[in-house]
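The values are calculated or read from the model by the stated rules, or taken from the named source; none is laboratory data. What you are looking at is a predicted structure, and each value in this text was computed from that prediction instead of being measured. Each accessible area value is taken on the protein alone, full model and side chains, heavy atoms only, with ligands, DNA and RNA left out. Shrake-Rupley method; radii C 1.70, N 1.55, O 1.52, S 1.80 Å.
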Amino acid sequence: MGNNKWECIRKNRIGDPLLIDDKVLLQIANDVRANAYCPYSNFPVGAALLCSDGTVFTGVNVENAVNGLSICAERTAIFKAVSEGHHDFVKLAVTCKGNHCQPCGACRQVIYEHAPDIEILMGNPGGKFVRTTIRDLLPEAFSL
Ligand code: THU
């Protein structure tokens with residue numbers, strides 16, 4: 001993949017879904033960690049959300065001095081996508097330092113709301129990842 005293609009994906013332009021395999025999606029999630037705003041936890045998290053048309057929305061955690069106002073990388077990516085009119089999500093990659101990155105409970109509920117059939121790749125900067133689904137991460141999920 002050339003640099004131009006990569007830039008298009010990072011800027012949420014429509015890409016070729018066939019080119020966005022699991023490793024690419026995890027790499028995008030890991031690259032965007034550099035943008036995390038996390039002066040309180042010093043724990044950067046990156047997310048990359050793949051839509052069915054090949055568009056990728058990225059997200060990072062954005063913290064705040066007031067407790068409770070911080071947002072996780074996963075929700076940033078989903079809210080960016082929904083607010084741009086996207087609703088058909090197929091895969092979400094998340095990375096952070098450590099073994100592999102498990103989405104928090106709040107994010108699981110939000111992911112389920114918008115994408116009950118989504119696959120989730122929980123990764124780390126070294127490329128290790130665990131493949132799962134939101135249905136496995138949030139059994140008996142609440143919905144209206
Ligand atoms: N965090 C995420 O962004 N996603 C996760 O899956 C786990 C936790 C963030 C929240 C907070 O900014 C920092 O990581 C430490 O908890």
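Summary table
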item	result
Computed [θ] at 222 nm, deg cm²/dmol, the chain (DSSP H ≥ 4; -39,500 (n - 2.57); rounded to nearest 500)	-8500 deg cm²/dmol
Stretch gain in nm, segment N99-C38, where the contour uses 0.36 nm per residue and the Cα spacing is subtracted	20.0 nm
√(5λ) per eigenvalue of the Cα gyration tensor, region 63-144, largest first, Å	19, 18, 13
Length added when fully stretched, V82-R135, from 0.36 nm per residue minus Cα-Cα	17.1 nm
Residue-normalised accessible area of the chain, expressed per residue, 1.4 Å probe, Å²	53 Å²
Descending semi-axes in Å of the chain, equivalent ellipsoid built from Cα gyration tensor	21, 19, 15
Of V66, V110, V90, the one that fluctuates the most in a GNM where the chain has Cα springs shorter than 10 Å	V66
Aspartates and glutamates with Cα under 19 Å of K91, excluding same-chain neighbours fewer than 8 positions away	D16, D21, D22, D31, D53, E74, E113, D117, E119, D136
